[in-house]
Each structure stands twice: as structure tokens, then as C-alpha cells.
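The structure under discussion appears below in the form of C-alpha cells.
Throughout, read-outs are computed from the coordinates displayed, never taken from laboratory work. Quantities reported herein were computed from a predicted structural model and do not represent experimental measurements. All Cβ positions, even for glycine, are placed from backbone atoms using ideal geometry, and neighbour counts span all protein chains on display.
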Amino acid sequence: MRRSEFFLPTLKEVPSDAEIRSHQLMLRAGLIRRLASGIYYYLPFGFRVLQRIIGIVREEMNGAGAQEVLLPAVHPKELWDESGRWDLYGEDMFHLFDRKKRPFCLAPTHEEAITNLVRNEVRSYKELPLLLYQIQTKFRDEPRPRFGMMRCREFLMKDAYSFHRDDKCLQGTYKKVYDAYVRIFRRCGLDCEIVEADPGLIGGGLSHEFMVLAPSGEDIVVLCPKCGYRANADKPDKPSDVERQTSYDLRRTTHDEMKEVNTPDMKTVEQVSAFLKVKPSQLVKTLIYYADGKPVAVLVPGDREVNEAKLMSVLKTAGLKLASADQIEELTGGPMGFSGPVGLKAGMIADHSVAGMSDFVTGANKKDTHLFNVNPDRDFKIERFEDLTAARDGDPCPKCGAGTEVKTGIELGHTFNLGTRYSSAMKAKFLDEDGKEKIMVMGCYGIGVSRIIAAVIEQHNDENGIIWPFSIAPFSAVILPLNMNDETQKKLAEEIYEGLTAKGADVLLDDRNEPAGVKFKDADLTGIPVKVVLGDRALKEGKVEVQLRSSGEKQKVEKSEAVSEILKLIKL
RNA sequence: CGGGGAGUAGCGCAGCCUGGCUAGCGCGCCUGCUUUGGGAGCAGGAGGCCGUGGGUUCAAAUCCCACCUUCCCGACCA
């Protein structure tokens, strides 16, 4: 491709509405442009990268035995009513109507569509298992699109779905896809952490997320450096036996008498603990939630915060809301800021760490009053202990008890054991060997294809721009004749370009009549792995200079050998 | 949904507080000449519903109201 003819608008200045590195660079290097919030154009340069990533994904999926399909992007409402997800998705789904006013949506995901297809066509166990995938634009009206390609309302996803006669068969396919994912991300040049995740309301057993650790990531990951345990921080854990034991050992067996103390206007943990001169960790915070309309009191230590995703998972609800001031007053009899478990008529659920606490401070459900020396069992009853607190650096690992680390990550892939969540709701059945009708067991597997680009740039850039790994680079090399008025340079550039192109290399020839500096800056910004520099310095010796974008490494090669040397570098 | 910032030429911004000439600057773009190893020089030029609607005023980019768009933070922690 000749740069003079290639549609590649680069920007010298940083666009004002791009905050993170990958977003800035994708705009500056001419990969994308914005049309609306969370909705982007791919320009030729960006589309080339996307195509290369798609190529890798396709190869590995086919290698895992998957077959590619293309599913509809516009779905009628009835399809979604079958699974009950039309209402569940609510505002996050783009709704539309056809000319007859029949409701449709732009598909945010395709479990329903694929299940409908398979239930209509598959009758027998002999046709199972089946692994189908597509690479398709998804539409989600995100409450808050963010960080350029990272969280879009229109984005490209590879989604695969598998259908099985039983769980054992699903496990086999699950493993194959899992392994394919490991290869896909490695081939894209990404360092990936695979973490256990909470399947949430989608249901099923095992679920894994493929994460790239990055400060700009939106997900929080818990990592154990000792035993290698890795999990999404939104996944509730069972505490280790070690932790549980220590916790109970800490609890005192003799208790002081509970008493009321006056705490005028002390509504927050900070105020109360400072006023009463006790540590925040000696307080138990009582949060009143409404889960599907029913009140639940949630108890956590004063210095910890509730992770609502965990709470929702544990309560198996999507409708979770903190109570309003009025609701609190009505339920507890005291104003907001003075709630406590003693005498409270509501379901009660506590974090595991509360199990080890005794003689603590809580609200008294009475204005300007707290209680000292509160003890579970004696003063109130806790119905359930669960993992409810937001993860913190140093928390004990649920597997081995060692101190864990908390980091942020970008979720690039997610694999689910769906079980029969959709197949039973939508009656996807087959006839088994024993002549009995059974429900299909499903798995589903997603990859955020467009998000991979952003993640790669987050991991591979420097102050000059992007540094593409060879595997997904839009061009493998760029030829830079520094002076287009120099006939020798111009001619040699053409020769090398023709030579490489003839061998099947994807090369950009910067044949613009621009000063050397402009060409260098552009080459670095756009991140093409190999620069072939044609300038007086080396040409005096009959050589051309070959530079690597990644390391800055330079070598001079005889001009007659330039083509073969470059081919070696780009591994063609 | 709540809070904060921003909307003036393709991009980055000034002007607005304290209303008043023809609305500026840098980059980019076009033409010509000169240049060519790290975003070049000179000369000439094109390009604006100052986000939209309403209001105040003799007069609005500037003041007031409403709305739209966009970016960031937070998702009510008692």
C-alpha cells in the first residue's frame, strides 16, 4: 500500500476527550473515529488490525472444532420473552419497532437466537455435541460508555455456544474452548490472567474470565501470589478453613453487658468511632437493602464495604436496592445512620468476618443512640454468613490463607457453563439413546474482539505511539525514503516495496513528499513493527537501515539483500 | 440516575467575568517556491448558524432560562 493513497489521518495533538492511552493512540494513529458516545468508525488502519485479530480467533475456534455462523442482529421481542430477559435487560437493550409497530431489539447477545435455531433443527443425541460461533456486532445501551473502545454501545464480539446431551460432554468442549482462548490471547501478544468468575444470574457452574491486567481496567481481580488462586472480586468466596477457625478463636467467650450510649448526630462510622474512641473495625455496620422488595439487613465490620455484586449473587436477585431514609425509619424505627441488628425485624445476613467479632458497637435503631458490647446469639440472631465485603489488598486467600493482591483488569473473554438456563426455558430438547426426551446442556463463550485492540495498545506502547506485535500489525513493515526528491532513494524504495509485496508481505510505502521527521513520527505513532529507512547516511555505503519499532534496534544491510533480510525479520 | 467539566474553523485552544469595531491564535488544509535523518522555511489563500431554542438589550460568542451533545467521577456505605 502506498501511503500517498492510503486513508490514514493521523493527529499530532491529543484529542481532548480521550483520557486513557489506548483511546488517545487509536484516535491519533488513525484507527478509529467517534460517531456518538460509545459508537465508533473503524478506518482502514484500524480495520486491518481488527481483521488480523479476527483471523486468529477464527483459526483457533475452527481448530477447536467450532463452526462459524452469522446470526440475526435484530430480534423480535417474543424471543426474549421466552427466556424472560426482555424485562431483565430493560434499558440496557436498544429497542425498536417495525412499521407495524411490532417490538424488536438490537441484539445485546445471542443465547436466545442460537437456542431457537438449535431446538428447531436438532432432534437426536446423534447430532450432539454442537459448537457454533459467530463474529458479530453487539448492541448494548450501556449506562456509561467509557474509555474509547473499552466499553462501547456498539462493539464486535466473538460468541460461541455449545449444546450437549450431558454435563460431562459439556466439560470436554468447555476445556477445548478454554485452551483455544489461551492460544488466542497469547498469539495476540497479551499477558492474560484467567480468573474464576461469578456466573451471576446467567447461571451454571464454572465460569472463567480472561483478564489483561491494566490500571485502566474496569474489573477488580484478586490474585494469590502463593497458591495461584485467581478470582474476580465480584465473586463470593467461601472463606478458607484456616480463616474460619482463626475468626472463631478471636471471639471472646465472656461478654460485658450491652448498654446504650448517646451519640448526637453521629451518623457515619468515622464519626461514631472517633466519638466513642473505638476502632472502626470494632463497629458493625448495618446496611438495609431491599432485595426484590423484601428488606434485608446486611452486617459488615465498620471498616469494610459491601460488594453489591456479591450480595446479589448470594441473594440470587437482580433487584437489589439500598433502602431510602424513609424506608429505614419505617423498618427500624430509627433514623438513617443509627441502624443496628438488635431488635430488628428483617432478614439478616452477615459477612464471615462478623462471626469473629464480639462486644462490638452498632446503631440502636433510635435517634442519636448506639449500643456498646453487642454480641450475636445473645443479643440478636444472624441467619446467614456469606462473603459480602469488597476485596482489599492483603485479605486471606480462600484457598490457602496467604495474603492476596487486588488488581484491576480488562475482561477480554468469558466462558460459561450455562447448564440448562436457556434450553429449559426455551424447551431445547433432544431424544437420547434410551429413547427419553432430555434438555440440552449448554455452554457459552465470549470474546470482546474490538476490546482486544485497546488491551493490546494498553500493554504495548511508548511515548512515541503504538508498538504492534507482528501477529496483529496492520502492516509488517513501512518503507521510508527520507527524500522523495532523491531519485536513487525513490527508485530503491519502489524496488524493495515491489520485492516484499511479491513475496506476500503487507508493506506500507511512505511515498509522501514530506520531511524525514514527519515520516519517522508517523511511523512510530502508527506502530508498524519494522521501519526500512532509505537515507543518505546508509546509502553512501550502499546499505539501507532496518529498525525494529519494539526495541529500537537498528541494523544496516546491503541494499541487494534488503528484501531477504526484511522477510526474515517479519518471518515470511 | 446523581455530581463536576466542556461545546468558538478539521484538531488543540484564547476571547465570555466587565455586552459594542471585520471573532482571534497554534497545528492541519490549498497554491507557489525553497527544503528533506525526527512533526521544515517563506509568500499567498480557503475555511465559522461562537451546540440548539427562547429571553434581556439600541446591541449577545459574551448576561438569563430551557434543552441537546460530550468527557470524567460516583452508583446512595447509614
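Once Rh for the range A:49-188 is found with the Kirkwood sum over Cα pairs, what is the Stokes-Einstein diffusion coefficient at 4 °C and 1.567 mPa s, in µm²/s?
77 µm²/s
For A:Phe97 and A:Val69, the difference between the fully extended length at 0.36 nm per residue and the C-alpha to C-alpha distance is 7.5 nm. Relative to the Cα centre, the charge distribution of the range A:360-429, modelled as +1 at Lys and Arg Cβ and -1 at Asp and Glu Cβ, gives a dipole magnitude of about 460 debye.
Counted by Cβ distance under 9 Å from A:Thr408, the other residues give a net charge of -1, where Lys and Arg count +1 and Asp and Glu count -1.
Calculated mean residue ellipticity at 222 nm for chain A: -8500 deg cm²/dmol, from DSSP H runs with n ≥ 4 weighted as -39500 (n - 2.57), summed, divided by the residue count and rounded to 500.
For A:Ala473, what is the net charge nearby, where nearby means another residue's Cβ is under 10 Å from its Cβ and Lys, Arg count +1, Asp, Glu -1? Neighbourhood net charge equals +2. Each Lys and Arg adds +1 at its Cβ and each Asp and Glu adds -1 at its Cβ; summed about the Cα centre, the range A:384-511 shows a dipole of about 960 debye.
Of the peptides A:523-530, A:219-226, A:308-315, the order by per-residue mean of other Cβ atoms within 10 Å, starting with the highest, comes out as A:523-530, A:308-315, A:219-226. On C-alpha positions alone, give me the angle between the axis of helix A:241-250 and the longest principal axis of chain A, in degrees, nearest 10. So the inclination is approximately 40 degrees.
If the limit is 18 Å between Cα atoms, which of A:Lys285/A:Lys366; A:Lys277/A:Lys367; A:Lys285/A:Lys407; A:Lys285/A:Lys381 go over it?
A:Lys277/A:Lys367; A:Lys285/A:Lys407
Cysteines in chain A lacking any other cysteine Cβ under 4.7 Å from their own Cβ: A:Cys105, A:Cys152, A:Cys169, A:Cys188, A:Cys192, A:Cys444. Computed from point charges on the beta carbon alone (+1 for Lys and Arg, -1 for Asp and Glu), the dipole magnitude for chain A about its Cα centre is near 860 Debye. For the range A:247-386, the equivalent ellipsoid built from the Cα gyration tensor has semi-axes of 22, 18, 13 Å, listed from largest to smallest. Based only on the alpha carbon positions, what is the Kirkwood hydrodynamic radius of the range A:1-51, in angstrom? Result for the range A:1-51 stands at 11.5 Å. Rounded to the nearest whole angstrom, the semi-axes of the ellipsoid equivalent to chain A, taken from the Cα gyration tensor as √(5λ), stand at 54, 31, 22, largest first.
Against chain A, whose longest principal axis comes from its Cα atoms, helix A:487-502 is set at around 60 degrees.
If one computes the Cα centroid of the range A:57-131 and of the range A:332-347, what distance in Å separates the two points? Answer, in whole Å: 46. Of the residues A:Asn461, A:Val544, A:Leu206, the one whose Cα sits farthest toward the positive end of the charge dipole of chain A, with +1 on the Cβ of Lys and Arg and -1 on the Cβ of Asp and Glu, is A:Val544. Report the calculated FRET efficiency for A:Ala425 and A:Glu330 (r = Cβ-Cβ distance, R0 = 41 Å), to the nearest 0.05. The value I calculate is 0.65. Of the trypsin sites (Lys or Arg not before Pro) found in the range A:1-50, the ones in coil according to DSSP and having at most 12 other Cβ atoms within 10 Å of their Cβ are A:Lys12. Rounding to the nearest 10 and keeping the result within 0 to 90°, find how far the Cα-based axis of helix A:449-459 lies from the longest principal axis of chain A. The helix A:449-459 is inclined about 80 degrees to chain A. Scoring A:107-116, A:398-407 by mean Cβ neighbours within 10 Å over their residues and listing the highest first yields A:107-116, A:398-407. For the peptides A:339-349, A:555-565, A:450-460, the ranking by packing is A:450-460, A:339-349, A:555-565, with the highest mean count of neighbouring Cβ atoms within 10 Å listed first.
Cross-link pairs exceeding 28 Å in C-alpha to C-alpha distance, out of A:Lys12/A:Lys568; A:Lys100/A:Lys294; A:Lys238/A:Lys436; A:Lys126/A:Lys175; A:Lys126/A:Lys238; A:Lys138/A:Lys438, comprise A:Lys12/A:Lys568; A:Lys100/A:Lys294; A:Lys238/A:Lys436; A:Lys126/A:Lys238; A:Lys138/A:Lys438. Label reach from A:Lys571 (point 7 Å along Cα→C-beta): in the range A:510-539, amide nitrogens under 19 Å belong to A:527-531. The range A:348-418 and the range A:532-556 have their alpha-carbon centroids 61 Å apart. Diffusion coefficient of the range A:46-102 by Stokes-Einstein, Kirkwood radius over Cα pairs, 4 °C, 1.567 mPa s: 89 µm²/s.
A Förster radius of 60 Å, combined with the Cβ-Cβ distance separating A:Arg33 from A:Glu127, puts the computed FRET efficiency at roughly 0.85. With the charge dipole of chain A set up from +1 on Lys and Arg Cβ and -1 on Asp and Glu Cβ about the Cα centre, the Cα lying farthest toward the positive end among the listed residues A:Ile410, A:Gly90, A:Leu131 is that of A:Leu131.
Give me the compactness ratio for the range A:477-570, meaning the Cα radius of gyration over 2.2 N^0.38 Å.
Numbers: Rg = 11.8 Å, N = 94, 2.2 N^0.38 = 12.4 Å.
It is 0.95.
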